[in-house]
1. List pairs: first residue in the range 81-99 and surrounded by fewer than 15 Cβ atoms within 10 Å (Cβ to Cβ), second residue not charged (D, E, K, R) anywhere in the structure, Cβ distance under 8 angstrom, at least six positions apart or on different chains.
2. Looking at Ser88, Ser96, Ser112, which one is at pLDDT 90 or above and either polar (S, T, N, Q) or in contact with a helix residue (DSSP H, G or I) (Cβ under 7 Å, 6 or more places away or on another chain) (or both)?
3. Given the options Leu122, Leu40, Leu86, name the one that is under 14 Å from the mean Cα position of the chain (by Cα) and of a type in the set (A, V, I, L, M, F, W, C).
4. For the range 27-55, which residues satisfy the criterion of being crowded, with 20+ Cβ neighbours inside 10 Å and assigned to a helix (DSSP H, G or I)?
5. Picking from Ser96, Ser48, Ser112, which residue would you name as being among the polar types (S, T, N, Q) and under 12 Å from the mean Cα position of the chain (by Cα)?
6. Kindly indicate the residue of the range 97-115 that is assigned to a helix (DSSP H, G or I) and among the small types (Gly, Ala, Ser) and also farthest from Gly78 (Cα to Cα) among those meeting that condition.
7. I need the full set of residues from the range 56-83 which are outside any strand (DSSP E or B) and either among the polar types (S, T, N, Q) or within 17 Å of Gly13 (Cβ to Cβ) (or both), in order please.
Amino acid sequence: MNAGPGATAAMPGAVAIVHDDTCPFCVRCAGWLSSQDTALPVELWAASDPEAVRRWGRLPGYGSELVVVADDGRAWVGPDAFLMALWSLRRFRQLSATLTGPLARALFRSLSTNRGRLGALLGLEDCGEDGCRR
């Protein structure tokens, strides 16, 4: 797995974003992502989709973390996946380049860890103490 969008390797031509479809907050975020103008082709996948499981289910964190997979097979999980998802959007590409380092990773780790509570604050169903996709 790569460090994020600032890595020196060639940038992907397309990405697949795999989200936890049992988490109301993640589903809401996926809906928001699908409404954004993308800078490259983006496919959104539910982690429970059998084809997604077949393709990427072996990746660490699959189903419990956000996963972004490039068309060349590189994958980002957790905080790095958040950055890649932002990088894939025209409006947020520049911002994603500035959100690097330990502080950004801590922010995205906190978002991921507390997504059930964040969803509840937004009036969505609370995933409970154990978080989503237990």
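1. Arg90/Gln36; Arg90/Thr38; Arg90/Ala39; Arg91/Gln36; Leu95/Leu86; Ala97/Pro5; Ala97/Gly6; Ala97/Trp87
2. The conditions single out Ser88.
3. On inspection, the qualifying residue turns out to be Leu86.
4. Once the filter is applied, which keeps residues that are crowded, with 20+ Cβ neighbours inside 10 Å and assigned to a helix (DSSP H, G or I), the range 27-55 yields Cys29, Ala30, Ala52.
5. Being among the polar types (S, T, N, Q) and under 12 Å from the mean Cα position of the chain (by Cα) holds for just one of Ser96, Ser48, Ser112, which is Ser112.
6. Ala97
7. Across the range 56-83, the qualifying residues are Ser64, Asp71, Asp72, Gly73, Arg74.
The values are calculated or read from the model by the stated rules, or taken from the named source; none is laboratory data. A quick note: this is a predicted structure, and the numbers were derived from the prediction, not measured. Quick reminder, even Gly has a Cβ in these numbers, built from the backbone with ideal geometry, and neighbours come from all protein chains shown.
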